[in-house]
2 protein chains.
Amino acid sequence: MTEHAAGLGRRQQKKRETRRAIRDAALDLALENGLENLTVEAIAQTAGVSSRTFFNYFSSKEDALVTQAAEGADQVCKLLLERPSDEPPLEAFRNAVIYSNYFGADPVNRERVLARQRLTQCHPSLMAHHLGKIAMVERTFADALAERMGVDAEGDMTPQLLAAVAMSAIRVAVRQWVHKGDLPLYDLLETAFKQLEHLGLATQHPEPAG
Amino acid sequence: MTEHAAGLGRRQQKKRETRRAIRDAALDLALENGLENLTVEAIAQTAGVSSRTFFNYFSSKEDALVTQAAEGADQVCKLLLERPSDEPPLEAFRNAVIYSNYFGADPVNRERVLARQRLTQCHPSLMAHHLGKIAMVERTFADALAERMGVDAEGDMTPQLLAAVAMSAIRVAVRQWVHKGDLPLYDLLETAFKQLEHLGLATQHPEPAG
DNA sequence: CAAAATCTTGCACACTCTGCAAGTTTTTAT
DNA sequence: ATAAAAACTTGCAGAGTGTGCAAGATTTTG
């Protein structure tokens, strides 16, 4: 066991670097030449690997471009389960998200994250891939919420609804952030979650069947 | 102007038929041989057109398989704008959806719709395409809600949040419907929308903390 | 009925993605 | 340190996707 600086073997570290190189190359080329003129071969070449290797890392160029939504999901789940149990579910979730680094607290990458999101918002194919990943994360969150609430994750719709609603808030906040990139994302997140409470969800007159 | 039985020219009618033939062929073959063994050529052949023509109708086989979510969207918007203005937004939306034929009230297709949804739930690539379409419909709904509320559709997050939350309810209800296909979809829809009201959105600490 | 508009199809072509079989590098265990 | 095992990269072959183009067929229009 040759434990080096990081807890990662040389192999794992190289894989990380390659992965990052491919992602960076993909984003740079997409921004430079447009998504329609982007090929896997060009990405691979820029990243210094073969086309075949690209597909060992990503299943498509969209996959390489889309935000790694699953990145901080585990941490969010962990934080969620640690929140005080008297906190209402959505508030607990919001706090878990905000105190996590789900959005990569690293401000160095801010412009890059913004550019990636902008690209995603503009291209339906990227958006679809993005939402596909989001959906998987959503299920993870639903399971965590179910555990927190002590109910069945599959039979009870509540945790699924909570997860879906929470992801909606995040999604809308990010869209707004991209739309006018001056406001800080965290403020928009706060606003979105706050607005959920006043959406006219509570109905007190269910229509006497006209 | 040779007005025939329907308000459609012979050409439009043929296109409708071809479109349906392709969709049906795609679903049948997917259910029969599995999605991984499905090719555009096979779909086209079964539908009685050339491969090239397939791509005149759909951009991919996923496109042909996924639920046409945009189908009844216009009708839902129209109904939404006709709801009494004192109805809370989500309730108005729910009623608009339920009184529309957004889910194709035709019970003949029930098994077919169910099969299609099951397929979608099982295959991430189909789910991604599906969510991509859903997202576009969601924007349409957000615009309608903004008009109903008399606010700016882009600047104000509220209509976007409302649309997203409403689609969440629909999405979860459909997933539940697929998961155990015995309960009628409309009951699950009602339940989902009803549960939105009790999600702990309002921060009033429902749990006295055991 | 003839001109215009529209739809279908085949063909060519670039690109995507996968399995397989080398060859190379890292890891593990002696 | 060294040899065997495990893991990664790469090229190649091949099936499939998706688009532009042009010729031919069909429908619409006047």
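The values are calculated or read from the model by the stated rules, or taken from the named source; none is laboratory data. A quick note: this is a predicted structure, and the numbers were derived from the prediction, not measured. Please note: Cβ atoms are built from the backbone with ideal geometry, for glycine as well, and neighbour counts cover all protein chains shown. To get the accessible areas, we keep the full protein, side chains included, count just its heavy atoms, and leave off ligands, DNA and RNA. Shrake-Rupley method; radii C 1.70, N 1.55, O 1.52, S 1.80 Å.
Filtered by the rule that a residue be open to solvent by 10 Å² or more (accessible area, probe 1.4 Å) and in contact (Cβ under 8 Å) with a residue 40 or more places away in the chain, the stretch A:145-169 gives A:Glu147, A:Arg148, A:Met149. Does B:Ser125 count as open to solvent by less than 30 Å² (accessible area, probe 1.4 Å), within 14 Å of chain A (Cβ to nearest Cβ), within 16 Å of DNA strand C (Cβ to nearest atom) and at pLDDT 95 or above? So B:Ser125 fails the test. When restricted to residues that are within 14 Å of chain B (Cβ to nearest Cβ) and either of a type in the set (Ser, Thr, Tyr) or in contact with a helix residue (DSSP H, G or I) (Cβ under 9 Å, 6 or more places away or on another chain) (or both), the stretch A:68-95 contains 14. Inspect all residues belonging to the stretch B:153-172 and state whether any of them is of a type in the set (Lys, Arg) and at the interface with chain A (Cβ under 7 Å from one of its Cβ atoms). Checking the stretch B:153-172: at least one residue is of a type in the set (Lys, Arg) and at the interface with chain A (Cβ under 7 Å from one of its Cβ atoms). The set of residues in the stretch A:73-108 being under 25 Å from A:His198 (Cα atoms), assigned to a loop (DSSP other than H, G, I, E, B) and small (Gly, Ala, Ser) consists of A:Ser85 alone.
Contact annotation: no residue pair with Cβ atoms under 7 Å, 6 or more positions apart or on different chains, pairs a residue in the stretch A:1-28 that is in the same structural domain as A:Arg52 (by TED's automatic domain parsing) and open to solvent by less than 100 Å² (accessible area, probe 1.4 Å) with a partner that is near DNA strand D (Cβ under 10 Å from one of its atoms) and at pLDDT below 95. Answer yes or no: is there a residue in the stretch B:141-151 that is under 26 Å from A:Val137 (Cα atoms) and at pLDDT 95 or above. Looking for residues that are under 26 Å from A:Val137 (Cα atoms) and at pLDDT 95 or above, one finds at least one in the stretch B:141-151, hence yes. Remark: A:His130 matches the filter, which requires a residue to be open to solvent by less than 70 Å² (accessible area, probe 1.4 Å), at pLDDT 95 or above, more than 16 Å from DNA strand D (Cβ to nearest atom) and within 14 Å of chain B (Cβ to nearest Cβ). For A:Leu81, the test of being modelled with pLDDT of 90 or more and surrounded by 15 or more Cβ atoms within 10 Å (Cβ to Cβ) is failed.
Kindly evaluate B:Ala21 against the criterion of being of a type in the set (Gly, Ala, Ser) and in a helix (DSSP H, G or I). In short, yes.
Here the condition is being among the acidic types (Asp, Glu), within 11 Å of DNA strand C (Cβ to nearest atom), touching a Ser or Thr at 6+ places or on another chain (Cβ under 7 Å) and open to solvent by 40 Å² or more (accessible area, probe 1.4 Å); of A:Glu62, A:Glu41, A:Glu36, it holds for A:Glu41 alone. For the stretch B:44-72, filtered to residues that are within 19 Å of B:Cys122 (Cβ to Cβ) and assigned to a helix (DSSP H, G or I), the residue that is farthest from DNA strand D (Cβ to nearest atom) is B:Leu65.
Taking the stretch B:112-122 as the range and being within 22 Å of B:Ala192 (Cα to Cα) and either open to solvent by 30 Å² or more (accessible area, probe 1.4 Å) or free of Cβ contacts under 8 Å to residues at least 24 places away in the same chain (or both) as the test, the residues that pass are B:Val113, B:Arg118, B:Gln121, B:Cys122.
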